[in-house]
Amino acid sequence: MKFCSNCGAAVERLIPDGDHLPRYVCTACKTIHYENPRIIAGCVPEWQGKILLCKRAIEPRRGYWTIPAGFMENGEALQDGAAREAMEEALANVEIGSLLAIVNVIRAHQVHIMFRARLLDTNFGVGPESLEVQLYDEADIPWQDMAFLSVDFALRRYLDDRRAGREDAHFRDIDWQDGKVITRDR
C-alpha cells in the first residue's frame with residue numbers, strides 16, 4: 001500500500017500508539033489501514049459416495065485438482081460463499097452441511113474454511129475457473145495432483161470421518177520456515 005484510500009496521501013508503515021503490530025498509517029489524515037486475512041470458503045461435494053473435484057484452469061496451481069473453493073465476497077454468509085463457489089467452479093448445486101475444516105495458511109494470510117456438502121443432482125459441469133470437473137471414488141482420487149495442502153488435509157479428514165461414521169471439525173495451521181512446510185494440528 002502506498003496511498004491512503006481515505007484522502008490519497010502517502011502512507012507509512014509503523015506501529016500506531018496502543019498497537020503492537022506495524023500498520024499502514026496515512027501521513028496526512030492519520031487513518032490506520034488494517035490488513036486482515038482473506039477467507040476462502042469451500043466444500044467437499046459428495047454424490048452416492050463419490051467426491052466432486054475440479055481441475056484448476058487458473059493460477060495458482062493451474063492443472064491441479066481441488067474441491068470447489070474460493071474467496072468470500074462481501075455481503076455473503078460463509079456457507080453461501082461455499083455454495084456459490086461450487087456453482088462457479090463446477091456448475092454444481094450443493095446443500096452445505098457441517099463444518100469440516102479450518103486451515104490457517106499463515107504466510108498467504110488466508111483462512112480456508114471447508115464444509116461437507118451434498119451434491120443435489122449430477123447436472124454439474126466445467127465453470128470458467130475449471131478445466132475439468134469429475135466425480136471420484138475414494139480409491140481414484142488423484143492425491144499426487146492436489147492443488148493445495150489445505151485441500152489435501154480437508155479431503156483426507158472428510159474421508160477418515162466418513163469411514164468412522166462421524167462429522168468432526170478439524171483444524172490445522174500451515175506455514176513455511178526455511179523453505180520447509182510446517183504444519184500443526186489443533
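Contact order for segment 38-185, expressed relative to its length and based on alpha carbon pairs under 8 Å spaced 6+ residues apart, stands at 28 percent. Taking a point 7 Å from the Cα of ARG13 along the Cα-to-Cβ direction, the residues of segment 25-49 with backbone N closer than 13 Å to it are 25, 35. For the chain, the longest principal axis of the alpha carbon atoms and the long axis of helix 78-90 meet at an angle near 60°. The C-alpha atoms of the chain define a longest principal axis, and helix 149-164 lies at about 40 degrees to it. Within the listed set CYS26, CYS54, CYS43, the Gaussian network model of the chain (springs between alpha-carbon atoms below 10 Å) gives the highest mean-square fluctuation for CYS26. Farthest toward the positive end of the dipole of the chain, out of ASN93, PHE71, ALA82, is the Cα of PHE71, where the dipole comes from beta carbon charges about the Cα centre. Per DSSP helix of 4 or more residues, -39500 (n - 2.57); summed, then divided by the residues of the chain. What does that give at 222 nm, rounded to the nearest 500? Helices in the chain give a 222 nm mean residue ellipticity of -5000 deg cm²/dmol. Distance between the modelled labels on ILE32 and HIS20, one decimal in nanometres: 1.3 nm (7 Å Cα→Cβ projection).
Put simply, the amide H of ASN93, placed in the peptide plane, has neighbours under 5 Å in LEU120, ASP121, leaving out anything fewer than 5 places away on its chain.
Measuring r between the beta carbons of TYR136 and MET1 and using R0 = 45 Å, the FRET efficiency lands at 0.60. Of the options [x] 36, 16, 14; [y] 25, 21, 15; [z] 35, 19, 15, only one is semi-axes √(5λ) of the Cα gyration tensor in Å as computed from these coordinates, and that is [z]. Cross-link candidates for LYS30: which aspartates and glutamates have Cα within less than 12 Å, leaving aside residues fewer than 8 places away along the same chain? Correct list for LYS30: GLU12, ASP17. Shown here for segment 49-111: trypsin sites (Lys or Arg not before Pro) in loop regions (DSSP other than H, G, I, E, B) with at most 13 other Cβ atoms within 10 Å, namely ARG62, ARG107.
Can you sort VAL44, VAL103, VAL111 from fewest to most other Cβ atoms within 10 Å of each residue's own Cβ?
Details: VAL44 27, VAL103 24, VAL111 18.
Least crowded to most crowded, the residues run VAL111, VAL103, VAL44.
Where does each of HIS33, HIS109, HIS170 land when they are ranked from fewest to most other beta-carbon atoms within 10 angstrom? Don't jump to the answer; show the numbers that get you there.
Working: HIS33 15, HIS109 11, HIS170 19.
Arranged by neighbour count, lowest to highest, HIS33, HIS109, HIS170 become HIS109, HIS33, HIS170.
Highest GNM mean-square fluctuation among ALA57, ALA90, ALA69, for the chain modelled with Cα contacts below 10 Å: ALA57. In order along segment 105-121, phi translates into HN-Hα couplings of 9, 4, 5, 7, 6, 10, 10, 9, 10, 10, 10, 6, 8, 10, 6, 7, 7 Hz, rounded to whole numbers, per the Karplus curve 6.51 cos²θ - 1.76 cosθ + 1.60 with θ = phi - 60° and x for Gly and Pro.
Where a number appears in this text, it was derived from the coordinates with a stated rule and is not lab data. As the structure is a prediction and not an experimental result, all values here were calculated from the model. No Cβ is skipped: glycine too gets one built from the backbone with ideal geometry, and neighbour counts run over all protein chains shown.
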